[in-house]
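Throughout, read-outs are computed from the coordinates displayed, never taken from laboratory work. Keep in mind that what you see is a predicted model, and the values were worked out from it rather than measured. All Cβ positions, even for glycine, are placed from backbone atoms using ideal geometry, and neighbour counts span all protein chains on display.
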Amino acid sequence: MTSWRLFTVLGPISGKTTSLVDLIRFGREAENEICIPDGQVSRQHAQIEKTDAGYLLTDLNSTNGTFLNDKRLTHPTYLRIGDAITIGPARFLVLAEPTGTLES
């Protein structure tokens, strides 16, 4: 089994790792799970929601858009390991880490 994570590779919060849970919201306001304090980022910019089919990235009608693998997101899209998400000056990589232990 694997645990999905976001690793921030660029921007004001670079180096931060966030585990994906049921719902993660991005925006410049502090109540968001991932706060990006930058004027290019809307107060409530985007979200990742866990569904039965996977993790769904949705732009929340932001002014400057959300980008997935350098393409502007035009509709909710399921994430894959290795995807890159760009929101304002911040860039995140979708990673997977094994969870639990293997028995020999």
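Tell me, Val94, Val41, Val21 in order of fewest to most beta-carbon neighbours within 10 Å?
On the way: Val94 20, Val41 27, Val21 12.
Fewest-to-most ranking of Val94, Val41, Val21: Val21, Val94, Val41.
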Legend entry - Cα gyration tensor shape of the chain, rounded if a/c is under 1.5, else prolate or oblate by comparing a/b with b/c: prolate
Legend entry - In range of the label at Thr58: residues from the range 29-51 whose backbone nitrogen is under 12 Å from the point 7 Å along Cα→Cβ: 46-51
Inset, instruction - Return the distance in nm (one decimal) between the two label points of a simple spin-label model at Val9 and Glu97, each offset 7 Å from Cα along Cα→Cβ. - result: 1.8 nm
Legend entry - In the range 1-68, GluC sites (Glu not before Pro) in a DSSP loop with at most 16 other beta-carbon atoms within 10 Å: Glu29, Glu31, Glu33
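If you stretched the chain out fully between Ala84 and Lys16, how much longer would it get, using 0.36 nm times the residue separation minus the C-alpha to C-alpha distance? Working shown, then result.
Details: separation 68, 0.36 × 68 = 24.48 nm, distance 1.46 nm.
Taking 0.36 nm per residue and subtracting the Cα distance, the gain is 23.0 nm.
Only Lys, Arg, Asp and Glu count, each charged at its Cβ (+1, +1, -1, -1), so figure out the dipole size of the chain about its Cα centre, rounded to 20 debye.
Working: 10 positive and 12 negative charges, 66 e Å.
That gives the chain a dipole magnitude of about 320 debye.
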